[in-house]
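Below you'll find the structure, written out as structure tokens, and then a few comments.
The values are calculated or read from the model by the stated rules, or taken from the named source; none is laboratory data. Since we're looking at a predicted model, the values are computed, not measured. Glycine also receives a Cβ, built like all others from the backbone with ideal geometry; neighbour counts cover every protein chain displayed. Keep in mind that these areas ignore ligands, DNA and RNA; they rest on the heavy atoms of the full protein, side chains included. Shrake-Rupley method; radii C 1.70, N 1.55, O 1.52, S 1.80 Å.
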Amino acid sequence: AVLLGATQYSPTQLLTDSQAQLVVFELRLPRVLFALLVGGGLSVIGAAYQALFRNQLASPFSLGVSSGAALGASLSLLCGGGALFDVEACAIFGAAISIFLIMLLSKTVVGAARDSLLLIGVVFSFFCSSLLTLIQYLSDYSQLFRVTRWMMGGVPVLSWSALGIGAILIGVVVIWKHHRELDLMLFGDDIAAIKGVDGPRLSRNAFILTSVVVGWIVAQCGVIGFVGIVVPAAVRLLVGLHHRRVIPVAFVSGALLVVLCDLLGRVVTPPFEVPAGVFTAVLGGPVFVLLLIRGNRRVL
């Protein structure tokens, strides 16, 4: 991934060619590492959501977290960014507001049932998507291009100082530390409570943590779909239901998937790039249908 692109380099060129060293170590390597973190983070968050909801359709996108973050970031882009409308801050704020509204509605309208919470998340995601369409309609041509290109989802070129390793890795480590609780949540709230797991508190803390991580990822990359749904479901078919194994394998699998899609975007139509989110959707849709057919009731 670091050697291929609009210009291809051989390993020997990295030892002698200063231009190759600049492109590979200052541009491509941070981008590949960031793609690894994004893919792994989205996959682990998806695995946690699927365990908490006991539903293989649960993901940051289907719950409306990604859509809320995208709405906040799009408003920031429409307003020109700046200190008051920082893209990252607006995306995290949008994701947090999404989680807050969904949990509030689930308690005051239809109770705390997880199926109802997932349904509210799907409806809220459509609502955010309609507002995003309105924003695109009201934008001028330059703003429309920025918002539309960003909504496709892609891995940006970042400097080493802006890589932001901690934000994603801290979330992944915290989720992995609760692998036993996630295992018990698969058996239902009652059994988990008997075993000493505080389901509502675990869900609340997980939502708060993941909303920050998802908001930050969406602010940097836009909406990269299907990774948080397809990868955890496929991993469970391969390694079983124990999250001690599911979480690390999902992290590695999601990381490789996003790196592959980003690489395809750079080599298919050089020197132009196709956003990685386009390839995750193209690959993820059919794969998800196959997983539903093959896995049936074995996924969760």
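Just to be sure I understand: if I project the alpha-carbon convex hull of the chain onto a plane and average over all orientations, what area do I get in nm²? Don't skip to the answer; put the middle values down first.
On the way: hull surface 66.5 nm².
Answer in nm², one decimal: 16.6.
In degrees from 0 to 90, rounded to the nearest 10, what is the angle of the helix 199-221 Cα long axis to the longest principal axis of the chain?
Helix 199-221 and the main axis of the chain meet at about 20 degrees.
Pick from SER43, SER98, SER139 the residue whose mean-square fluctuation is largest in a GNM of the chain, springs joining Cα atoms under 10 Å.
Judging by the Gaussian network model, the answer is SER139.
When all protein chains stay in place, what accessible area (Å², nearest 10, 1.4 Å probe) is found for SER18?
90 Å²
Rounding to the nearest 20 debye, state how big the charge dipole of the chain is about its Cα centre with +1 on each Lys and Arg Cβ and -1 on each Asp and Glu Cβ.
Dipole about the Cα centre, nearest 20: 800 debye.
Determine ³J(HN,Hα), in whole Hz, for all residues of the stretch 134-146 in sequence, where each value follows from phi through the Karplus function 6.51 cos²θ - 1.76 cosθ + 1.60 and θ = phi - 60°; x replaces Gly and Pro.
With coefficients 6.51, -1.76 and 1.60, one gets 5, 4, 5, 5, 7, 7, 7, 5, 5, 5, 4, 4, 4 Hz.
To the nearest 20 Debye, how big is the dipole of the stretch 146-223 about its Cα centre, given +1 on the beta carbon of each Lys and Arg and -1 on that of each Asp and Glu?
Computed about the Cα centre, the dipole is about 340 debye.
For the stretch 141-289, what ratio Rg/Rh do Cα atoms give with a Kirkwood hydrodynamic radius?
Rg/Rh for the stretch 141-289 comes to 1.03.
Between ALA89, ALA192, ALA250, which gets the highest mean-square fluctuation from a Gaussian network model of the chain, Cα cutoff 10 Å?
Residue with maximal mean-square fluctuation among ALA89, ALA192, ALA250: ALA192.
If SER159, SER66 are ordered by their accessible area, calculated over protein heavy atoms with a 1.4 Å probe, which sequence runs from highest to lowest?
SER159, SER66
Report the gain in length on full extension from PHE126 to LYS177: 0.36 nm times residue separation, minus Cα-Cα distance, nm rounded to one decimal.
15.1 nm
Mind listing the phi-derived Karplus ³J(HN,Hα) values for the stretch 233-239, rounded to whole Hz, using 6.51, -1.76 and 1.60 with θ = phi - 60°, and x for any glycine or proline?
5, 5, 5, 5, 5, 8, 10
For the stretch 39-55, in order, what is each residue's ³J(HN,Hα) by Karplus, 6.51 cos²θ - 1.76 cosθ + 1.60 with θ = phi - 60°, in whole Hz (x at glycine and Pro)?
Calculated HN-Hα couplings, in order: x, x, x, 5, 5, 5, 5, x, 4, 5, 4, 5, 6, 5, 9, 6, 8 Hz.
Leaving out ligands, DNA and RNA, what percent of the accessible area of the stretch 187-278 is carbon and sulfur, probe 1.4 Å?
Carbon and sulfur atoms account for 69 percent of the accessible area of the stretch 187-278.
Averaged per residue, what accessible area in Å² does the chain show with a 1.4 Å probe, protein chains only?
For the chain, the per-residue accessible area is 48 Å².
Can you give me the Kirkwood hydrodynamic radius for the stretch 230-280, using every pair of distinct Cα atoms, in Å to one decimal?
11.9 Å
For the chain, with a Gaussian network of springs between Cα atoms less than 10 Å apart, report the residue from LEU119, LEU15, LEU169 with the top mean-square fluctuation.
LEU15
So, in nm, how far is label LEU169 from label ALA6 when the simple model puts each one 7 Å beyond its Cα toward the Cβ?
Here the modelled spin labels are 3.1 nm apart.
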